[in-house]
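Q: The structure under discussion is supplied below as structure tokens; questions concerning it will follow.
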Amino acid sequence: MKVEDIKKIAVMGAGDMGHGIAEVALLAGYKVALRDIEQRFVDRGLSRIKESLDKLAGKQKITEENKKAMVANITTFVDIAESVKDADFVIEAVPEIMDLKKQVFQALDAAAPKHAILASNTSNMSITEIAAATKRPEQVVGMHFFNPAVLMKLVEVTKGGKTTEETMQVAYNLALKMNKVPVRVEKDSIGFVYNRINAPAQILLSLMVEKGVAAPMEIDAKMRKIGMPMGPYELMDYVGLDVAYHGALYFADKLSRDYAPPSWLKAKIDAGTLGKKTGKGIFDWSKGRPEIDLSKAKEDFDPTALIALQVNEATKLLEAGVVKSPDEIDKAMVNGGGSVIGPFQLAKGIGYDKLAKICEDLAQEFDVKVFEPTETLKKGNI
Ligand code: 3HC
């Protein structure tokens, strides 16, 4: 199969990611089938797509005619088999629960045409394990978009244990057709690139709140002052605390207990305060984006700690051959979030020895093994 053979894309799940991916496919000129488990979910996804297209039309990024054509190109479904029966490419974006993903892939495999490629937008989970639920694991691939999908450029294209090179190429080229920046993830690896590299920093951010070292407002204010478009806690709310929580559980199960979610996060999940999507999370979103008071910035917090943990984790991916080069990692980190410069580029300016020392100190101070510097970081021969 070639990317030119793709005419229709089906997206499973119409939530934050699903509706955004469907919109990206529409913008690239594809016919789209959008499916969720209840009509009200697909209706909400469709209205969010229309709102976003209105914004783009308002800014003359698309014409009113383009917009009408795109709206005519999308069909919504509740029935999974109906939604994929004539799809050439399927992208799954259902909640991050492995058993659910497996059920969905089983159903997709049974109903999608034989030639169709089945992609998962999972943030963290094993593509090989998801693919094993199908009889076509060579046509299953990871295709991880970032939130908001319409604006964020990165797509991680991940090779599962049985994914063929042809499938990788089609997914990679599809991401290019969607005007995205794809990065090849050569080995199926928990959290792929972006989320894996940020995961130790998430532990630190969680521990700082847990131990009362800093309040989210103080850190977010500091990060906004140094040029981040969104502080890390606001970003957690924006993406969804449920996503952070499920991710932490998965990392804890597969990589290290150090990743287990902190009690304050569990309390928020139990209370149903999941961030932007419920109007309340770490911050209050009931009146729109939270106000971050820059005067509250914790000036003695050194963001180099976050960079050190990122670079250290990135060296683990290089050691394991998950990504080909430091440049590819920088490309992923710049295009997945709001950073203007990648961790390795930053590390060159700071010095690998200094970063290794910071990791060593953090590992001791917080008693977290994941923070310990790798041999590659200590040697600095990157
Ligand atoms: N559709 C169309 N336009 C949109 C939009 C949407 N869905 N969302 C925002 N915009 C537009 C706004 O209209 C605005 O346009 P304007 O500049 O012409 O007025 C522009 O984007 C900027 O939006 P805002 O003014 O509301 O706010 P910001 O300037 O802060 O931008 C942001 C918002 C793009 C979300 C920015 O804050 C940002 O880059 N944040 C970081 C996001 C990030 O890091 N995402 C990755 C998360 S990790 C992830 O997704 C992985 C997963 O596995 C968990």
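Q: How large is the Rg to Rh ratio of the stretch 3-185 when both quantities use alpha carbon positions and Rh follows Kirkwood? Numbers along the way, then the final one.
A: Values: Rg = 15.0 Å, Rh = 15.9 Å.
Radius of gyration relative to Kirkwood radius: 0.94.
Q: What percent does the relative contact order of the stretch 3-185 come to when contacts are Cα pairs within less than 8 Å and at least six residues apart? Walk me through the intermediate numbers first.
A: Working: 369 pairs, mean separation 38.9, N = 183.
Over the stretch 3-185, the number comes to 21 percent.
Q: Can you compute the FRET efficiency between E299 and V71 using 1/(1 + (r/R0)^6), with r the Cβ-Cβ distance and R0 = 41 Å? Round to the nearest 0.05. Please report the intermediate quantities before stating the final value.
A: Values: r = 49 Å, r/R0 = 1.19.
The pair E299/V71 has a calculated efficiency of 0.25.
Q: State, to one decimal in nm, how far the label point of S256 lies from the label point of N179, with both points 7 Å from Cα in the Cβ direction.
A: For S256 paired with N179, the spin-label model returns 4.0 nm.
Q: When the label point is put 7 Å from the Cα of E138 along its Cα-to-beta-carbon vector, which residues of the stretch 162-178 have a backbone N closer than 19 Å?
A: Under 19 Å, as judged by backbone N against the label point of E138, lie 162-172 of the stretch 162-178.
Q: Cβ neighbours within 10 Å, averaged per peptide: list 158-167, 22-31 in order, most packed at the top. It would help to have the intermediate numbers written out before the result.
A: Numbers: 158-167: 19.2, 22-31: 22.6.
The packing order, highest mean first, is 22-31, 158-167.
Q: Just to be sure I follow: if Rg is taken over the C-alpha atoms of the chain and Rh is the Kirkwood radius over the same atoms, what is Rg/Rh? Mind dumping the intermediate values first?
A: Values: Rg = 20.6 Å, Rh = 21.4 Å.
Dividing the radius of gyration by the Kirkwood radius yields 0.96.
Q: Only Cα pairs under 8 Å and at least 6 apart count here; give the relative contact order of the stretch 215-296 as a rounded whole percent. Please list the in-between numbers first.
A: Values: 95 pairs, mean separation 29.0, N = 82.
Dividing the mean separation by the residue count of the stretch 215-296 yields 35 percent.
Q: So, for the stretch 3-185, what is the accessible surface per residue at a probe of 1.4 Å, expressed in square angstrom? Don't jump to the answer; show the numbers that get you there.
A: Details: 7490 Å² over 183 residues.
I get 41 Å² per residue for this part.
Q: May I pose another question? Taking the Cβ-Cβ separation of S47 and E129 as r and a Förster radius of 41 Å, what is the calculated FRET efficiency to the nearest 0.05?
A: Details: r = 34 Å, r/R0 = 0.83.
Taking R0 as 41 Å, the efficiency between S47 and E129 is 0.75.
Q: So, with +1 on the Cβ of K and R and -1 on the Cβ of D and E, and no other charges, what is the size of the charge dipole of the stretch 314-382 about its Cα centre, to the nearest 20 debye? Show your work: numbers first, answer last.
A: On the way: 9 positive and 11 negative charges, 45 e Å.
Dipole about the Cα centre, nearest 20: 220 debye.
Q: From Cα pairs below 8 angstrom and at least 6 apart in sequence, can you work out the relative contact order of the chain, rounded to a whole percent?
A: Working: 687 pairs, mean separation 48.6, N = 382.
Computed over the chain, the figure is 13 percent.
Q: Out of the total accessible area of the stretch 215-296 (probe 1.4 Å, heavy atoms of protein only), what percent is carbon and sulfur? Numbers along the way, then the final one.
A: On the way: 2240 of 4060 Å².
Carbon and sulfur together cover 55 percent of it.
Q: Oh, and also: So in the chain, what percent of DSSP beta bridges are antiparallel if you round to the nearest 5?
A: 20 percent
Q: I'd like the FRET efficiency for D327 and D353, computed as 1/(1 + (r/R0)^6) with the beta carbon distance as r and R0 of 22 Å, rounded to 0.05. Can you show the working numbers first?
A: Numbers: r = 22 Å, r/R0 = 0.98.
The pair D327/D353 has a calculated efficiency of 0.55.
Q: Which three lengths, in whole Å and largest first, does the stretch 304-379 cover when its Cα atoms are put on their principal axes?
A: In descending order, the Cα extents are 32, 24, 19 Å.
Q: So what's the convex hull volume per residue for the Cα atoms of the stretch 192-348, in Å³? It would help to have the intermediate numbers written out before the result.
A: On the way: hull volume 17.1 nm³, N = 157.
Once divided by residue count, the hull of the stretch 192-348 is 109 Å³.
Q: Turning to a different aspect of this structure: From zero up to wherever the largest Cα-Cα distance of the stretch 11-84 sits, split into 5 Å bins and tell me the percent of pairs in each.
A: 3, 19, 30, 25, 14, 6, 2, 0
Q: Continuing with this model, one more query. Using a ≥ b ≥ c from the Cα gyration tensor of the stretch 215-296 (square roots of the eigenvalues), is it rounded, prolate or oblate, where a/c under 1.5 gives rounded and otherwise the larger of a/b and b/c decides, a/b for prolate? Intermediate values should be presented prior to the final figure.
A: On the way: a/c = 2.37, a/b = 1.49, b/c = 1.59.
It is oblate, given that a/c is not under 1.5 and a/b is not larger than b/c.
Q: Starting from the Cα of E38, step 7 Å along the direction of its Cβ; do the same at I226; then give the gap between the two resulting points in nm.
A: About 4.3 nm, to one decimal.
Q: Considering the dipole of the chain built from charges on the beta carbon (Lys and Arg +1, Asp and Glu -1) around the Cα centre, which of M143, P216, P373 is farthest to its positive end?
A: M143
Q: Compute the separation of the alpha-carbon centres of the stretch 311-328 and the stretch 334-382 and state it in Å as a whole number.
A: 12 Å
Q: Right, here's the next one. Would any residue of the stretch 269-303 have its amide N under 19 Å from a label point 7 Å out along Cα→Cβ of V213? List them or say none.
A: Zone members listed by number: 297-303.
The values are calculated or read from the model by the stated rules, or taken from the named source; none is laboratory data. The shown structure was predicted, so the numbers you read here are calculated from the model rather than taken from an experiment. Cβ sites come from the backbone with ideal geometry, for glycine too, and all protein chains shown count toward neighbours. Just the protein is used for accessible areas: all its heavy atoms, side chains included, with ligands, DNA and RNA removed. Shrake-Rupley method; radii C 1.70, N 1.55, O 1.52, S 1.80 Å.
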